[in-house]
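Undergrad: One structure coming up, written as structure tokens, with questions to follow.
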Amino acid sequence: MADRKRTEPDWQDIRIFLALGRYGSLSAAARALSVNHATIARRLHALEAAMGEKLVDRRPEGYALTLAGSRALSVAGDMEAAVQTLGRGGTDNMLRGLVRVNAPPGLAQGYLIGRLAELSMRYPGLDIDVATDFRSVSLERHETDIAVRVGRPQDGDILARLLMKIGYGFYGAPKLCRDVEAGAPPVLIGFNEMNAYVPEALWMGRQFPRTRVSFRASDQFAQATAAKAGAGIALLPHYIGRRDPKLRPCALESVPPAREVWLLTRREDRKSPVIGLVVQHLLKAVAADHALFEA
């Protein structure tokens, strides 16, 4: 395709390419832009012809950016930010675009989703896609726009901000906690086998090697639900335990040290109005709620 005659790229073709690069499939991009599959495919072909380069590879799981496509997506994102700035007329609530956030399940369900939902109500043109997974997705491959990760980041060309330090404690139903504090042997709630590598699960195994684990779940939000039902005592981050009136702290031997949580974005997206909006909203929300997280 490199030997084909180039023409000036059309902005509408670029918008289609941005959506395809972000959503990863024809169907999702078509739904986001309210167009049909044929329009997506036709405009993508037109943009590749105009640029003289192949921008995406079609794979069984969806579309993947080529190296040229990754470069083009970065430039296209800057163009979109400039267009949004020109079109806002100084009114922030006219911001438009999709921002994808990846975070661990417990943190997403126990705190982030509620805070991010506030933004989608305040800015009608802003779409937020939250993916919850222990697996770290790639910022560099444009699998997400904002990554929230526990532990100091090891990524390459990224911007990293310390979002919070998470403190931990044991929580359970009031009666069960009173029994344990009166001398009854504790019964614990932990992670399932698939997530036994999580640092909190490893710490629990070292500290309570002979203690019965009566219930196992994939994430801490689910473990809190089991604790409320009386299944046992759960080691929870304070932002989950302190917000639930059906749980109370339980005094056990010790708790793991607080862990750092980092907010990561691509350096190339530092001028994106929509990504910047979400980042600043999360930083301010966590600062206001610092008492939820402190050890």
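Undergrad: Please name all residue pairs, on different chains or six or more residues apart, with Cβ atoms under 6 Å, provided the first residue is in the range 31-59 and is on the phi < 0 side of the Ramachandran plot and in contact (Cβ under 8 Å) with a residue 60 or more places away in the chain and the second residue is of a type outside the set (F, W, Y) and in a helix (DSSP H, G or I).
TA: What qualifies is A32/A19.
Undergrad: Quick check: anything in the range 232-244 surrounded by fewer than 16 Cβ atoms within 10 Å (Cβ to Cβ) and under 21 Å from A184 (Cα atoms)?
TA: In the first step, residues of the range 232-244 are kept if they are surrounded by fewer than 16 Cβ atoms within 10 Å (Cβ to Cβ); the result is 243-244.
Within this subset, residues satisfying the condition of being under 21 Å from A184 (Cα atoms) are none.
No, that holds for no residue.
Undergrad: When you scan the range 182-291 for strands (runs of 3 or more DSSP E) that lie fully inside it, which ones turn up with 3 or more residues that are at negative phi and in contact (Cβ under 8 Å) with a residue 60 or more places away in the chain? Lay out the reasoning, then the answer.
TA: Working: elements: 188-191, 213-217, 233-237, 248-250, 259-266.
It comes to 233-237, 248-250, 259-266.
Undergrad: Separate question: List, please: which pairs have Cβ atoms under 6 Å, are six or more places apart or on different chains, and start with a residue in the range 121-132 that is closer than 17 Å to V101 by Cα and among the aromatic types (F, W, Y) and end with one that is at pLDDT 85 or above and surrounded by 15 or more Cβ atoms within 10 Å (Cβ to Cβ)?
TA: Hits for this filter: zero, empty list.
The values are calculated or read from the model by the stated rules, or taken from the named source; none is laboratory data. Just so it is clear, the model here is predicted, and its values are computed rather than measured. Note that we place each Cβ from the backbone using ideal geometry, even for glycine, and neighbour counts take in every protein chain shown.
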